[in-house]
Amino acid sequence: MLLDDIRERRKAEAELAESRQWLELAHEASGVCAYSFDVPSGTLQWSSSTSALYCFEPSRVPTLDAWLAAIHVEDRERVARVAEKAIAEGAAIDHGFRVVLPDGRVRHVRDRGRVLTDDAGRPTKVVGLNIDVTELVEAREAADDARRLEVISSVFMGQSVRSGDIQAFLDALPTGVMITDAARGAAYINSALTTMWRGRQVLKTSDDWNKYTAWSVSTGQPISDADWPLAKAVTSGLPQPVEELRFQRFDGSTGYMLVSATPLLNANGDTVSAVAIAQDVSEWRAAERQAQLETALLRTLGDITPDYLFVKDREGRLIYANSAVVASIGRPWSEIQDRTELEWHHDPGEAAAIHANDERIMASGVAETLEEVYTTAAGTSVVRATKTPITDESGQVIGLVGVGVDVTREHEAQAHRELLVNELNHRIKNTLAIVQSIAHSAFRGIDPARSAYKTFEERLVALAAAHDLLSESHWTGARLEDVIRRTCGPHMSDRFEISGENVQVSSRVALSISMAVHELCTNATKYGALKDAGRIHIGWVVNGEQLSLHWAERGGPAVTAPEKTGFGSRMVRQAIGALPDGRVEIAYESGGVECRVFCRLD
């Protein structure tokens, strides 16, 4: 179950990381740049794409003065007034301004944002997006330039438009240009427009306009031959504002363009020609659609997973939470968005602990997996979450992302298991005590049996000691060294040399080795090294899953092999032989008994 949880959590983390990369790439491609301004402290934060928009160094700390300094001097005062009004009145922000880059280039930015307030209605933060609309503005400016082409077009009157410097000039423009005569016949189409349509069609009559297939983006309706901006400019004699059209190129593909048209009038006010300007915005539209798709994909992935997904900024404010998180909190998203745990959590103590964890992780820059307690109106739950710091391009931590899973039932099951194990331990201890009492009564008054009873009681005590050790770990296993030291304790443990790897063994292995070592200790006390002034060395090594334990007696009386196998030797062999790959080798060397035990760890 735990392995499955880990795999699912890692999968969710990978999917979230991949979705975040898609979203960041889409933002970069579409020119959408996020920012936030903390009103009480006057601090400004923005994303890496915002730094790229203003050509700031990624490691540069954003400041309000640096941002204002980057705005065109003619727009700066107006931008400041818009921000002040929004904060004072809580008004939405939607305006445009120019940005001057370090190399002197000018970019056009659309600023859209809103003011967040606290429960008392006081402004706390301004959050928004800067959208690079340079291409759109330039397209509109190009449309306005159509009027300026009147002078150029007048040169064309009665002359060939396919010759001379004028044609070369128009063909060099990156914007599509079309000029018609009063009958809407195409007098000139420049190279950019031909490239945009991926082919050229002859426009001699109004019927030829039907060869150009397009739809109005605002209405979704197809454009007839009379609805083209250039045709309407000729017919009405009025300038046609910029309109966005979706069009089918001559190779069958689809694109988007911004089109405007201006009629050219003679001295009598009659329309003699018209000029249309077309800007291809297909790439911008594709990037916008991709950004919308990936944003929707991220939210869909977040909402279909039962795990908790959330993102916090550097101050611990919740800037994203999937539906599972919102449902578990029991509050609407509007009440927890852009707020810290301390501001919305039901329990202040739990909120402080969670906030401290977030601060520690972001300060260290190292991911952690930890368990946190959440108390809501629905009750108390335990969430195991992996929290990972988020860094910008300069490596500075700007927040964290978390993936969590509710482990309340797991904790309840563990508590239930512990209760059952404790009850079982209690019953086994009572059973051992009953067995000891029965043996004591059975052997009482029988002198020849006293020695046998003592041996039996010692074995029972050794079994109880091993049982106590395993009870401490709820029968999940024990350290081999602890098992051996506790077993040897009653047998003058200061005369033992114990060494080996720090290894954990299963409860079954621990009980068997404990009984085997007890029998070896008993034999050494009666006949071997512990009878005199000898010493015993116990060591072990691990090779993969195989355990090899060595018992060696030194300094005791001379040893000879017994004529027959005693109960103790049989018990050692039986205890170890019952284990997987278990076997015992006993050698009665002149210097002392040696015993080697082999088995698997688990």
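The values are calculated or read from the model by the stated rules, or taken from the named source; none is laboratory data. Just so we're clear, the structure is a prediction, and the values are computed from it rather than from any experiment. Don't worry about glycine lacking a Cβ; one is built from the backbone with ideal geometry, like all the others, and counts go over all protein chains shown. These accessible areas exclude ligands, DNA and RNA; they are computed on the full protein's heavy atoms, side chains included. Shrake-Rupley method; radii C 1.70, N 1.55, O 1.52, S 1.80 Å.
Quick one: would you say Leu53 is aliphatic (A, V, I, L, M), assigned to a helix (DSSP H, G or I), surrounded by 13 or more Cβ atoms within 10 Å (Cβ to Cβ) and modelled with pLDDT of 65 or more? For Leu53, the condition - aliphatic (A, V, I, L, M), assigned to a helix (DSSP H, G or I), surrounded by 13 or more Cβ atoms within 10 Å (Cβ to Cβ) and modelled with pLDDT of 65 or more - is met.
Of the residues making up region 572-602, those that are open to solvent by less than 80 Å² (accessible area, probe 1.4 Å), acidic (Asp, Glu) and over 13 Å from Leu549 (Cβ atoms) number 0. Helices (runs of 4 or more DSSP H) fully within region 336-452 that include at least 1 residues being open to solvent by 50 Å² or more (accessible area, probe 1.4 Å), among the aliphatic types (A, V, I, L, M) and modelled with pLDDT under 70: 408-443. Of all residues in region 379-392, those being more than 17 Å from the chain's Cα centre (by Cα) and either under 20 Å from Thr305 (Cβ atoms) or of a type in the set (D, E, K, R) (or both) number 2. Gln290 meets all of the listed conditions (1) loosely packed, with under 14 Cβ neighbours inside 10 Å; (2) not in a strand (DSSP E or B) but one, namely (1). When region 115-129 is filtered for residues that are over 27 Å from the mean Cα position of the chain (by Cα) and in a strand (DSSP E or B), the ones remaining, listed by number, are Val115, Thr117, Pro123, Thr124.
Output yes when any residue across region 498-506 is within 22 Å of Pro562 (Cβ to Cβ) and open to solvent by 30 Å² or more (accessible area, probe 1.4 Å), and no when none is. No, there is no match, as no residue in region 498-506 is within 22 Å of Pro562 (Cβ to Cβ) and open to solvent by 30 Å² or more (accessible area, probe 1.4 Å). Among the residues of region 159-205, those that are surrounded by fewer than 17 Cβ atoms within 10 Å (Cβ to Cβ), aliphatic (A, V, I, L, M), modelled with pLDDT under 80 and part of a loop (DSSP other than H, G, I, E, B) comprise Ala182, Ala183, Val202.
Residues of region 74-87 being open to solvent by 50 Å² or more (accessible area, probe 1.4 Å) and either in contact with a Leu (Cβ under 9 Å, 6 or more places away or on another chain) or in contact (Cβ under 8 Å) with a residue 12 or more places away in the chain (or both), which ones? Once the filter is applied, which keeps residues that are open to solvent by 50 Å² or more (accessible area, probe 1.4 Å) and either in contact with a Leu (Cβ under 9 Å, 6 or more places away or on another chain) or in contact (Cβ under 8 Å) with a residue 12 or more places away in the chain (or both), region 74-87 yields Glu74, Arg76, Arg78. Report, by residue number, each residue of region 528-549 that is over 56 Å from the mean Cα position of the chain (by Cα) and open to solvent by 60 Å² or more (accessible area, probe 1.4 Å). Scanning region 528-549 gives Lys531, Asp532, Ala533, Arg535.
Annotation note: Cβ proximity below 6 Å between a residue of region 206-223 that is farther than 16 Å from Ser253 by Cα and surrounded by 10 or more Cβ atoms within 10 Å (Cβ to Cβ) and a residue that is acidic (Asp, Glu) and modelled with pLDDT of 80 or more (sequence gap 6+ or interchain) occurs for Ser206/Asp225; Trp209/Asp225; Asn210/Asp225; Val217/Glu244. Being over 21 Å from Val137 (Cβ atoms), assigned to a strand (DSSP E or B), open to solvent by 60 Å² or more (accessible area, probe 1.4 Å) and not polar (S, T, N, Q) is a condition met by no residue of region 240-255. Taking the criterion of being in a helix (DSSP H, G or I), in contact with a Ser or Thr (Cβ under 9 Å, 6 or more places away or on another chain) and of a type in the set (Ser, Thr, Tyr), the residues of region 506-533 that qualify are Ser507, Ser514, Thr522. Of all residue pairs spaced 6 or more apart or on separate chains, those with beta-carbon atoms under 9 Å, a first member in region 522-534 that is touching a residue at least 40 places away in the same chain (Cβ under 8 Å) and polar (S, T, N, Q) and a second member that is open to solvent by 20 Å² or more (accessible area, probe 1.4 Å) and not in a helix (DSSP H, G or I) are Thr522/His491; Asn523/Gly566. Applying the criterion of being closer than 20 Å to Val407 by Cα and in a loop (DSSP other than H, G, I, E, B) to the residues of region 310-332, the residue that is most open to solvent (accessible area, probe 1.4 Å) is Gly330.
Within region 513-527, the set of residues being open to solvent by less than 20 Å² (accessible area, probe 1.4 Å) and farther than 13 Å from Val584 by Cβ comprises Ser514, His518, Cys521, Thr522, Ala524. Scanning region 47-56 for residues that are free of Cβ contacts under 8 Å to residues at least 40 places away in the same chain and not small (Gly, Ala, Ser) turns up just one, Phe56.
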